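For reference, the structure discussed in these notes is given below.
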Amino acid sequence: MILVLGAGLAGLAAADRFTRAGRQTLVVEKGASVGGLSRTVLHNGYRFDLGGHRFLTHDASIEALVRNLLGEDLVQVPRKSQIYLRGRYVDYPLCPANAVAGLGPATAWRIFSDLGREKMKGLRHRRPPVSLADWVIARFGRTLFDLYFKEYTEKVWGLPCERVSMEWIARRIDGLSLVKALAHSVCKLSGRNLHTLTDQFLYPRLGIGQLADRLADRIAAVNPVWTGTEVLKVYHGDSRIRSVLLQNREGRREVVADHFVSSLPVTTLIDRLRPEAPAPVRAAAAHLSYRSLVTVTVMVGRERITDVSWMYLPEKRIPFGRIHEPTNWSRAMAPSGRTHLVAEYFCTRGDRIWERSEQDLVDTTVGELSRLGFFERREVMDAHLLRVPHAYPVFEVGYADHLKVITEYLKRFENLQLVGRTGAFGYLNMDHALASGIRGAESILARTGTAVLRPAGSSARPLALPEGRPA
Ligand SMILES: Cc1cc2nc3c(=O)[nH]c(=O)nc-3n(C[C@H](O)[C@H](O)[C@H](O)COP(=O)(O)OP(=O)(O)OC[C@H]3O[C@@H](n4cnc5c(N)ncnc54)[C@H](O)[C@@H]3O)c2cc1C
């Protein structure tokens with residue numbers, strides 16, 4: 001029996017692979033629904049992701065999986081993004097024309113002369129970058145760094161740019177798309193093209209959560225998927241994980257399995273191991289952290305507010321960092337004649353934003369969005385607040401040394417695979433999370449000699465629930 005911990009995309013992709021290989025699998029998920037960070041909330045007829053999730057991949061097998069799962073429900077969406085800078089909405093990629101139009105000729109001139117200067121410097125020997133500040137200034141110059149990167153990055157991470165590891169950018173992150181956008185414009189100037197920046201992306205008609213729901217349905221036709229079930233403890237002995245203690249509405253039970261795939265935040269996994277992990281490993285885990293997110297969604301009684309996919313708001317005086325309008329991604333995301341804006345507040349669990357009351361955050365969001373001219377207060381019909389822990393693994397300078405201590409320790413468990421964004425503490429996008437789950441499953445299947453693959457969606461006799469004993 002294989003136990004998959006966490007039903008985000010990584011855990012579900014692993015469980016789907018096991019199911020197709022005919023292996024008895026149980027998926028356990030703490031949340032009330034599957035999907036993890038890639039789920040879609042349905043509130044009074046309005047749908048929204050936890051921050052808009054576009055699907056984009058360069059892996060043909062992952063794209064085929066997603067197309068196969070969603071079929072006609074996968075729509076192609078034009079991408080249009082803007083940054084709100086100094087009271088103006090500037091389109092990006094920031095090409096010379098819109099930089100001049102949006103930022104004024106003097107600032108545009110400073111930006112592009114910085115770019116030229118940094119390029120010249122790059123031809124000479126330069127100390128390798130360590131922090132995000134080193135990396136960005138070396139590539140884009142001080143003007144752009146001060147204008148956009150500094151404030152936005154500090155909003156996302158809650159750390160000075162000098163403490164954010166450059167590896168974050170080196171890992172080609174989508175979260176700060178402007179990085180790519182600007183890289184794209186620079187590359188264009190130098191005649192190269194950055195293929196990751198596209199004008200279109202794929203999106204499920206009913207929100208990104210449809211992808212996880214379809215995967216879960218396919219698994220659940222054969223193997224159980226238990227939502228509302230939290231992993232409280234992970235028992236081990238003799239270099240193997242033996243069992244987990246689960247808690248759900250029916251109480252607690254211990255479940256024994258032969259193999260375990262974990263997509264739980266790696267810090268949670270370390271915390272729940274019994275016997276406890278050695279002190280240096282627990283100390284290393286205490287040095288790793290995740291950034292959280294609070295989303296405030298405001299429902300408005302009109303058909304459309306903006307024409308953009310995302311809008312970035314780097315300025316510190318605006319308390320949220322990004323907004324999106326789900327109906328620009330799929331009209332099915334709101335009732336007809338209505339729309340909504342989702343504002344993302346980047347925060348840390350327990351900090352001032354995380355702890356603010358729902359009413360206070362809704363009032364602030366409505367006030368700020370109406371001040372920015374998106375709608376008038378009287379148009380607001382409803383609002384919804386969601387707190388999302390473990391949204392972004394924090395790549396603080398030096399994090400890799402702590403992560404190494406943890407992964408070296410966990411390697412001793414021959415029947416444990418870490419997968420996914422929070423599970424492997426990597427900045428994975430959805431396609432990478434799916435691929436990581438599939439790879440994790442295949443590594444177990446290769447070791448246990450399973451070769452049979454059932455066609456996707458083929459029905460089979462539902463498996464009996466796994467052995468468990470009340471604890
Ligand atoms: C704001 C935001 C915007 C994003 N936008 C994009 C985008 O546009 N495109 C893109 O490709 N990617 C995007 N991503 C990334 C994408 O969300 C992730 O790559 C993907 O969802 C990661 O899936 P996962 O399964 O690895 O992790 P998760 O989704 O974090 O899954 C882990 C699961 O484990 C569960 N769990 C945790 N603790 C326990 C426990 N003790 N017991 C049981 N279960 C537990 C959690 O509830 C969760 O369901 C975005 C992420 C964020 C935060």
Can you give me the number of residues within segment 277-313 that are within 16 Å of the ligand (Cβ to nearest atom) and not small (Gly, Ala, Ser)?
13
For segment 225-330, list the strands (runs of 3 or more DSSP E) that sit wholly inside it and hold at least 1 residues that are touching a residue at least 40 places away in the same chain (Cβ under 8 Å) and of a type in the set (S, T, N, Q); which are they?
259-262, 290-300
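Are there strands (runs of 3 or more DSSP E) fully within segment 12-80 with at least 1 residues that are surrounded by fewer than 19 Cβ atoms within 10 Å (Cβ to Cβ)? List them.
40-43, 74-78
What residue, of Ser330, Ser336, Ser357, is of a type in the set (Gly, Ala, Ser) and surrounded by 17 or more Cβ atoms within 10 Å (Cβ to Cβ)? Break it down stepwise before answering.
Values: Ser336 fails: surrounded by 17 or more Cβ atoms within 10 Å (Cβ to Cβ); Ser357 fails: surrounded by 17 or more Cβ atoms within 10 Å (Cβ to Cβ).
Exactly one residue qualifies, and that residue is Ser330.
Can you tell me which of Leu147, Leu182 is buried (at least 19 other Cβ atoms within 10 Å of the Cβ), more than 24 Å from Arg39 (Cα to Cα) and modelled with pLDDT under 75? Write out each step before concluding.
On the way: Leu147 fails: modelled with pLDDT under 75.
Criteria check complete, one pass: Leu182.
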Looking across segment 228-248 at residues that are of a type in the set (D, E, K, R) and away from the ligand (no atom under 14 Å from the Cβ), the single one that is surrounded by the most Cβ atoms within 10 Å (Cβ to Cβ) is Arg242
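Looking only at residues that are part of a helix (DSSP H, G or I) and of a type in the set (Val, Ile, Thr) in segment 81-108, which one is modelled with the lowest pLDDT?
So, considering only residues that are part of a helix (DSSP H, G or I) and of a type in the set (Val, Ile, Thr), the one modelled with the lowest pLDDT is Val100.
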In segment 206-251, how many are touching a Phe, Trp or Tyr at 6+ places or on another chain (Cβ under 9 Å), within 15 Å of Leu26 (Cα to Cα) and of a type in the set (S, T, N, Q)?
3
May I ask you to list the residues in segment 444-471 that are modelled with pLDDT of 50 or more and in contact with a strand residue (DSSP E or B) (Cβ under 6 Å, 6 or more places away or on another chain)?
Ile444
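Among the helices (runs of 4 or more DSSP H) contained in segment 347-423, which hold 1 or more residues that are among the hydroxyl-bearing types (Ser, Thr, Tyr)? Can you show your working first?
Values: elements: 352-355, 358-371, 399-410.
Counting at least 1 such residues, we get 358-371, 399-410.
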Pick from segment 252-296, criterion charged (D, E, K, R) and over 26 Å from the mean Cα position of the chain (by Cα), ranking: surrounded by the fewest Cβ atoms within 10 Å (Cβ to Cβ):
Glu276
What's the number of the condition Arg39 fails, among (1) among the charged types (D, E, K, R); (2) within 9 Å of the ligand (Cβ to nearest atom); (3) in contact with a strand residue (DSSP E or B) (Cβ under 7 Å, 6 or more places away or on another chain)?
(3)
Counted residues, segment 131-168 - those being in contact (Cβ under 8 Å) with a residue 24 or more places away in the chain, under 13 Å from Tyr392 (Cβ atoms) and part of a helix (DSSP H, G or I):
4
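The values are calculated or read from the model by the stated rules, or taken from the named source; none is laboratory data. Keep in mind that this is a model prediction, so the values were computed, not measured. Counting neighbours? That spans all protein chains shown, and the Cβs are built from the backbone with ideal geometry, glycine included.
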